[in-house]
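Engineer: What follows is a structure written as structure tokens; I'll ask about it next.
The values are calculated or read from the model by the stated rules, or taken from the named source; none is laboratory data. Quantities reported herein were computed from a predicted structural model and do not represent experimental measurements. Glycine gets a Cβ as well: all are built from the backbone with ideal geometry, and neighbour counts include every protein chain shown. We work out accessible area using only protein heavy atoms, side chains counted, and drop any ligands, DNA or RNA first. Shrake-Rupley method; radii C 1.70, N 1.55, O 1.52, S 1.80 Å.
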Amino acid sequence: MARTKDTDATAAKPKKQGRIKQMVEVFKVTQEADRSTLPWMIGALVVSILVLTILSKLILGMIWYGIFLGIAVGLLAAMFILARKAESAAFNRIKGQSGAPLAAMQSIRRGWNVDEEPVQMDPRSQKMIFRASGRAGVAIVAEDGTGPSMKMLDKETRRVKRVLNNEPIPIHRIVVGDGEDQTPLHKLPSYMTRMKKTLTKDESAAVGKRLAALTPSLRTAVPKGIDPTRTRGVSKKAMMRGGR
């Protein structure tokens, strides 16, 4: 029994160390990309301690309780800031890369079923169009506002309308970019998440099944030497390692 306990303790220790090491790596990469990360984290910790210490002194007549509580709250606030800064840094590093919108869409935790491959691709420019479906309807996302992208966006919109028999299902056309009427890459997940849900779960599932019939034709339409699945590497590796 003793050996079993020792083995369990040994197995748990590397996992804990691995998480700490991962957090340190995330901090290093984020701080390198955004020098304001550390000052913001320290500021959150200091402000939390000061505020809760003062409140503890005024309400309870003691400061130690406020200090300990302030440290706990401050650490949580610092971790929250690190997470947001890390996410922003990751988006900035993959910005402009082919498949970057797909990476942003796949970071949405719930509410959307994102197609893992582009649904349209221009052979010359290699611009791509991505699609997702959910209770908010159908989202068709273009990588930018260039001519090829907009033509493919129009084409995919017509395809979706046709397969949905022109039913009153919301179709959201999204162009990624920093221009007018465009959505910045780092705001794409929150923009899609805030969309009003107009379909039931059953209706959303039915829409997804009907759209699935449109996807297989892309691979046969792409010239040899171009792999539409390469965007998966961008979506998973780039978001973890900053697009390196």
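Engineer: Looking at the structure I just gave you, is GLU156 at pLDDT 90 or above, touching a Pro at 6+ places or on another chain (Cβ under 7 Å) and acidic (Asp, Glu)? Before the answer, list the steps.
Structural biologist: Details: at pLDDT 90 or above: yes; touching a Pro at 6+ places or on another chain (Cβ under 7 Å): no; acidic (Asp, Glu): yes.
Taking the combined requirement at face value, the residue does not satisfy it.
Engineer: Of all the residues that make up segment 158-178, how many are assigned to a helix (DSSP H, G or I) and surrounded by 11 or more Cβ atoms within 10 Å (Cβ to Cβ)? Working first, answer last.
Structural biologist: The initial filter retains those residues of segment 158-178 that are assigned to a helix (DSSP H, G or I), namely 158-163.
Filter once more, so that each one left must be surrounded by 11 or more Cβ atoms within 10 Å (Cβ to Cβ): 159-161, 163.
Qualifying residue count, segment 158-178: 4.
Engineer: From the list LYS197, LYS161, LYS187, which one is touching a residue at least 60 places away in the same chain (Cβ under 8 Å) and of a type in the set (Lys, Arg)?
Structural biologist: Just a single option satisfies the conditions, and that option is LYS197.
Engineer: Search segment 83-110 for residues that are closer than 10 Å to PRO189 by Cβ and charged (D, E, K, R) and pair each with any residue that is open to solvent by 50 Å² or more (accessible area, probe 1.4 Å) and modelled with pLDDT under 90 when their beta-carbon atoms are under 8 Å apart and the residues are at least 6 apart or on different chains.
Structural biologist: Correct list of pairs: GLU87/HIS186.
Engineer: When you scan segment 10-26, do you find a residue that is open to solvent by less than 90 Å² (accessible area, probe 1.4 Å), modelled with pLDDT of 90 or more, among the β-branched types (Val, Ile, Thr) and out of contact with any strand residue (DSSP E or B) (no Cβ under 6 Å at 6 or more places or on another chain), even just one?
Structural biologist: Checked segment 10-26: no residue is open to solvent by less than 90 Å² (accessible area, probe 1.4 Å), modelled with pLDDT of 90 or more, among the β-branched types (Val, Ile, Thr) and out of contact with any strand residue (DSSP E or B) (no Cβ under 6 Å at 6 or more places or on another chain).
Engineer: From ARG194, ARG219, ARG230, which residue is open to solvent by 80 Å² or more (accessible area, probe 1.4 Å) and modelled with pLDDT of 90 or more? Don't jump to the end; show me each part of the working.
Structural biologist: Working: ARG219 fails: modelled with pLDDT of 90 or more; ARG230 fails: modelled with pLDDT of 90 or more.
Checking each option against the conditions leaves just ARG194.
Engineer: Kindly establish whether LEU69 is of a type in the set (A, V, I, L, M), in contact with a Leu (Cβ under 6 Å, 6 or more places away or on another chain) and surrounded by 14 or more Cβ atoms within 10 Å (Cβ to Cβ). Spell out the reasoning first.
Structural biologist: Details: of a type in the set (A, V, I, L, M): yes; in contact with a Leu (Cβ under 6 Å, 6 or more places away or on another chain): yes; surrounded by 14 or more Cβ atoms within 10 Å (Cβ to Cβ): yes.
The answer is yes for LEU69.
Yes or no, residue by residue, for (1) at pLDDT below 95; (2) β-branched (Val, Ile, Thr):
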position	(1), (2)
GLU87	yes, no
MET121	yes, no
SER125	yes, no
GLU143	yes, no
ARG162	yes, no
ILE169	yes, yes
ILE174	no, yes
THR183	yes, yes
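Engineer: Now a separate question. For the condition within 17 Å of the chain's Cα centre (by Cα) and of a type in the set (D, E, K, R), what is the one hit in GLU156, GLU143? Steps first, answer last, please.
Structural biologist: Working: GLU156 fails: within 17 Å of the chain's Cα centre (by Cα).
Within the list GLU156, GLU143, the selection yields GLU143.
Engineer: Moving on to the next point. If we scan segment 53-68, do we find a residue that is polar (S, T, N, Q) and modelled with pLDDT of 90 or more? Before the answer, list the steps.
Structural biologist: From segment 53-68, those polar (S, T, N, Q) are 53, 56; that's our starting set.
When the remaining residues are screened for being modelled with pLDDT of 90 or more, the result is 53, 56.
Scanning segment 53-68, I find at least one residue that is polar (S, T, N, Q) and modelled with pLDDT of 90 or more, so the answer is yes.
Engineer: Within the group LEU38, LEU52, which residue is closer than 27 Å to PHE68 by Cβ and in contact with a Leu (Cβ under 7 Å, 6 or more places away or on another chain)? It would help to see each step written out before you state the result.
Structural biologist: Values: LEU38 fails: in contact with a Leu (Cβ under 7 Å, 6 or more places away or on another chain).
Step by step, each of LEU38, LEU52 is checked, and only LEU52 is closer than 27 Å to PHE68 by Cβ and in contact with a Leu (Cβ under 7 Å, 6 or more places away or on another chain).
Engineer: Looking at ALA132, ALA86, which one is under 20 Å from THR193 (Cα atoms), open to solvent by less than 40 Å² (accessible area, probe 1.4 Å) and assigned to a helix (DSSP H, G or I)? Show your work before the answer.
Structural biologist: Details: ALA132 fails: assigned to a helix (DSSP H, G or I).
Among ALA132, ALA86, only ALA86 is under 20 Å from THR193 (Cα atoms), open to solvent by less than 40 Å² (accessible area, probe 1.4 Å) and assigned to a helix (DSSP H, G or I).
Engineer: Could you identify the single residue in ASP122, ASP181, ASP202 that is among the acidic types (Asp, Glu), farther than 30 Å from ARG84 by Cα and loosely packed, with under 14 Cβ neighbours inside 10 Å? So that I can check it myself, show each step before the final result.
Structural biologist: Details: ASP122 fails: loosely packed, with under 14 Cβ neighbours inside 10 Å; ASP181 fails: farther than 30 Å from ARG84 by Cα.
It is ASP202.
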